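One structure is given below, encoded as C-alpha cells.
The values are calculated or read from the model by the stated rules, or taken from the named source; none is laboratory data. Not measured: the values here are computed from a predicted model. Heads up, the Cβs are rebuilt from the backbone with ideal geometry, glycines too, and the neighbour counts pull from every protein chain shown. Side chains included, ligands, DNA and RNA excluded: accessible areas come from the protein's heavy atoms. Shrake-Rupley method; radii C 1.70, N 1.55, O 1.52, S 1.80 Å.
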Amino acid sequence: MDPDRIALFDLADQRLAWASKRETVLAQNLANADTPGWRARDVKPFDASLAEASLIPAMTDSRHMAGTSVTDLSLQTSTGEHAPDGNAVSVDAELVKVAQTDLAHAVTSDLYKAYLGMFRTAIGR
C-alpha cells in the first residue's frame, strides 16, 4: 500500500464501486422481471470483497467482536420460487436489495464527506 494514500478513502472508493456494480445487477434483474427463464443475480457481499483483498478488519482489543466469515465468493443466482415460465425474479425482494444498496451508498458517501471535513478543519480551511 502506498504510504501517501489514506486507507479509509481507498476503502470508501471500493465500497462505492461495489454499490454501483450491485445497482447495475439489481437493475438488470428488475428489467428482466418478465423475461422467461431469467434468474435473479446478485454480487458477492462487500465483506467477501474485503476478504479477497486481504483487508479484513483486525481485532485490536479483546473486547472487540469477532468478524464473520463468508464462504460463497461467487456471483449469486436466485434459487427461490419460479414462475411457470421459469422466471425467478421477486420484484419485492429486488426492491429491498436496491434500498439496502442505496443506504450503503449514502452511508459511505456521508463518511467520505465527514472525513474530508476533518481534513479541511485540520488544515484550517
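Okay, here's what the table says:
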{"read-out": "Qualifying positions in the range 25-46 - open to solvent by less than 50 Å² (accessible area, probe 1.4 Å) and in contact with a helix residue (DSSP H, G or I) (Cβ under 8 Å, 6 or more places away or on another chain)", "value": "Leu26, Asn29, Ala33, Ala40, Asp42, Val43, Phe46"}
{"read-out": "Residues that are closer than 16 Å to Ala99 by Cβ and in contact (Cβ under 8 Å) with a residue 60 or more places away in the chain, drawn from the range 28-47", "value": "Asn29, Leu30"}
{"read-out": "Single residue of Ala51, Ala66, Ala58, Ala93 found to be open to solvent by less than 70 Å² (accessible area, probe 1.4 Å) and either assigned to a loop (DSSP other than H, G, I, E, B) or at pLDDT 75 or above (or both)", "value": "Ala93"}
{"read-out": "The range 106-124: number of residues that are open to solvent by less than 80 Å² (accessible area, probe 1.4 Å) and aliphatic (A, V, I, L, M)", "value": "3"}
